[in-house]
Amino acid sequence: MSDRFRDKTIVVTGGGSGLGRAMALAFAAQGARVCVIGRRQERLDETAALGPSGSIFGLSADVRDAQRVEAAMHEIVERTGSIDALVNNAAGNFVVPSERLSPNGFKSVVDIVLLGTFHCTRFAFDALRASRGSILNIVASYAWSGEPGVLHSASAKAGVLAMTRTLAAEWGRYGIRANAIAPGPIHTEGTDKNLWSVADPSSSSGQTIEEKVRAQIPLGRLGRPEDVATAALWLCSDEASWVSGATLSVDGAHWLHGGTLDFLR
């Protein structure tokens with residue numbers, strides 16, 4: 001399957017680290033030309049250096065800036081000739097009780113996640129219509145379940161989920177597919193350092209956040225970026241040509257929290 005994206009152009013936002021970097025490298029390994037978009041050019045260049053020679057290039061852009069996003073999409077088409085899949089991965093988030101969330105904090109996350117996804121999708125439309133391409137949005141299970149501490153992100157991701165389904169229904173006439181992935185708790189450089197290794201403040205035994213979360217995952221482990229990248233490859237490939245408007249949870253069944261009979265374990 002190493003050439004299933006040969007001669008295809010894939011755009012990945014938030015491609016300078018974490019899930020975005022893992023997805024970009026996975027697409028490049030399968031023959032794609034990949035453009036990674038993010039605010040820091042040096043991080044994008046690091047991603048490019050990790051892929052097969054010449055397969056990845058980076059364009060710095062803040063997805064909140066509609067004019068810059070429009071220019072970036074035009075440049076991608078000029079350089080590669082097409083956009084065959086757009087992966088909207090750029091995001092912002094921080095954990096805060098809702099009563100302490102400032103209007104500026106709420107707006108910042110919504111602007112990156114919801115407006116950023118709209119900007120990239122809207123300005124990639126012409127190229128996606130020409131290629132009969134696909135859109136893949138990265139959401140979260142709390143978009144439909146809710147979760148304490150992430151009111152801003154949950155609200156934004158719920159909007160992206162609605163956008164995904166609306167575009168699947170509306171743009172299917174152009175041959176464009178729109179799907180989403182809802183990743184579960186993932187090991188990344190940032191979360192390993194700033195979240196999973198932190199002591200759970202509610203634990204008297206020094207249990208870490210990772211240990212507490214892992215106990216809630218039926219498959220018994222946190223995810224790896226490669227878990228999400230593998231799912232992204234399938235959803236953006238011709239193998240999923242009859243899949244649109246779907247949301248795939250890649251989380252070891254975490255969103256089910258083990259079910260109501262969890263005590264049987």
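Can you pull out every residue in segment 192-209 that is among the β-branched types (Val, Ile, Thr) and surrounded by 13 or more Cβ atoms within 10 Å (Cβ to Cβ)?
Correct list: THR208, ILE209.
Of the residues making up segment 1-25, those that are touching a residue at least 40 places away in the same chain (Cβ under 8 Å), of a type in the set (S, T, N, Q) and more than 12 Å from ALA90 (Cβ to Cβ) number 1.
Take the residues in segment 215-230 that are aliphatic (A, V, I, L, M) and surrounded by fewer than 20 Cβ atoms within 10 Å (Cβ to Cβ), then tell me which one is modelled with the lowest pLDDT.
ALA215
All conditions but one from (1) more than 19 Å from the chain's Cα centre (by Cα); (2) in a helix (DSSP H, G or I) apply to SER82; the one that does not is (2).
Here ASP7 clears all of (1) in a loop (DSSP other than H, G, I, E, B); (2) surrounded by fewer than 17 Cβ atoms within 10 Å (Cβ to Cβ); (3) touching a helix residue (DSSP H, G or I) at 6+ places or on another chain (Cβ under 9 Å) except the condition numbered (3). Do we find a residue being buried (at least 17 other Cβ atoms within 10 Å of the Cβ), on the phi > 0 side of the Ramachandran plot, assigned to a helix (DSSP H, G or I) and not polar (S, T, N, Q) anywhere in segment 46-59? No, there is no match, as no residue in segment 46-59 is buried (at least 17 other Cβ atoms within 10 Å of the Cβ), on the phi > 0 side of the Ramachandran plot, assigned to a helix (DSSP H, G or I) and not polar (S, T, N, Q).
For ILE112, the test of being in contact with a helix residue (DSSP H, G or I) (Cβ under 7 Å, 6 or more places away or on another chain), modelled with pLDDT of 95 or more and of a type in the set (A, V, I, L, M) is failed. Every test in (1) out of contact with any Cys (no Cβ under 9 Å at 6 or more places or on another chain); (2) among the β-branched types (Val, Ile, Thr); (3) assigned to a loop (DSSP other than H, G, I, E, B) is passed by VAL34 save one, and that test is (3). Count of segment 131-155 residues, restricted to those that are touching a residue at least 24 places away in the same chain (Cβ under 8 Å) and assigned to a loop (DSSP other than H, G, I, E, B), is 8. Within segment 237-254, the set of residues being assigned to a loop (DSSP other than H, G, I, E, B), over 18 Å from MET23 (Cβ atoms) and touching a residue at least 12 places away in the same chain (Cβ under 8 Å) comprises SER241, SER244, GLY245, GLY252, ALA253.
When the residues of segment 142-191 are filtered to those that are charged (D, E, K, R), surrounded by fewer than 18 Cβ atoms within 10 Å (Cβ to Cβ) and in contact with a helix residue (DSSP H, G or I) (Cβ under 8 Å, 6 or more places away or on another chain), the one that is nearest to ASP111 (Cα to Cα) is GLU147.
The residue list LEU128, LEU115 contains one member that is part of a helix (DSSP H, G or I) and more than 20 Å from ALA246 (Cα to Cα), which is LEU115. When each of THR117, THR164 is tested for being under 18 Å from GLY38 (Cα atoms), in contact (Cβ under 8 Å) with a residue 24 or more places away in the chain and of a type in the set (Ser, Thr, Tyr), the lone residue that passes is THR117.
The values are calculated or read from the model by the stated rules, or taken from the named source; none is laboratory data. As the structure is a computational prediction, the values presented were derived from the model and not from experiment. Neighbour counts run over all protein chains shown; Cβ positions are idealised from the backbone, glycine included.
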